[in-house]
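Since the structure comes first, as structure tokens, the remarks are kept for the end.
The values are calculated or read from the model by the stated rules, or taken from the named source; none is laboratory data. Because the structure is a prediction, the values reported are computed rather than measured. Note that we place each Cβ from the backbone using ideal geometry, even for glycine, and neighbour counts take in every protein chain shown. For the accessible areas, the whole protein counts, side chains as well, though only heavy atoms, and no ligand, DNA or RNA atoms are used. Shrake-Rupley method; radii C 1.70, N 1.55, O 1.52, S 1.80 Å.
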Amino acid sequence: MTDAMTAEPAARDPLLSASVVYDTAGGGGAIAAARAFTADFLAAAPSVRRVPVTGERVELAQLVVSELVTNAVRHTAGPCRLLLELREDMLEISVFDREPAAPVPRGHDPRRIGQHGVEIVVAVCESLSVEPHPEGKRVRACLSLLAGYADTTTPLDRHPH
């Protein structure tokens, strides 16, 4: 695992960014490490942001990271990279992997056990995109850091219209 953290002063650049590379052979260890990395990253937010990130937002960020890293670990070969970019009221979460194919969202099915990752990310984030990358793809999710921004319903209670 490698990691780097930088503070950047430019307005369009993130206030803080950090990345870490996981060997996908690590499986569950990579997922737990990514969740911890995210919590540590957001704990550093008050050093560059006016207010700390609420516990609710930290938990949602960890959920999104867990879902995106899980997809990379389970469905791709080779290492994946997690990139976190903190903006004033937004956390941009990117996972890079070597599989060019985009994750396939499944329709809402409350009887299905598992495979709700993309559905959960779409439900709690302001945006989700998949971008081609020279060695695979980048899956990018933007999560608001404003307390109470998301619906009060749980992601699995919502269905697409």
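A compact table of results
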read-out: Selection status of Glu85, modelled with pLDDT under 85, not aliphatic (A, V, I, L, M) and not in a loop (DSSP other than H, G, I, E, B); value: no
read-out: The range 68-89: number of residues that are open to solvent by 40 Å² or more (accessible area, probe 1.4 Å) and either over 26 Å from Ala102 (Cβ atoms) or without any contact (Cβ under 8 Å) to a residue 60 or more places away in the chain (or both); value: 6
read-out: Residue check for Val122: at pLDDT 70 or above and either open to solvent by 60 Å² or more (accessible area, probe 1.4 Å) or not in a strand (DSSP E or B) (or both); value: yes
read-out: Within the range 68-82, tally of residues that are among the hydrophobic types (A, V, I, L, M, F, W, C) and over 18 Å from Gly117 (Cβ atoms); value: 1
read-out: Residue list for the range 41-68, restricted to those being acidic (Asp, Glu) and within 22 Å of Arg138 (Cβ to Cβ); value: Glu67
read-out: Selection status of Ala45, open to solvent by less than 30 Å² (accessible area, probe 1.4 Å), modelled with pLDDT under 95 and within 12 Å of the chain's Cα centre (by Cα); value: no
read-out: Which numbered condition Pro52 misses (of (1) open to solvent by 50 Å² or more (accessible area, probe 1.4 Å); (2) assigned to a helix (DSSP H, G or I); (3) modelled with pLDDT under 95); value: (2)
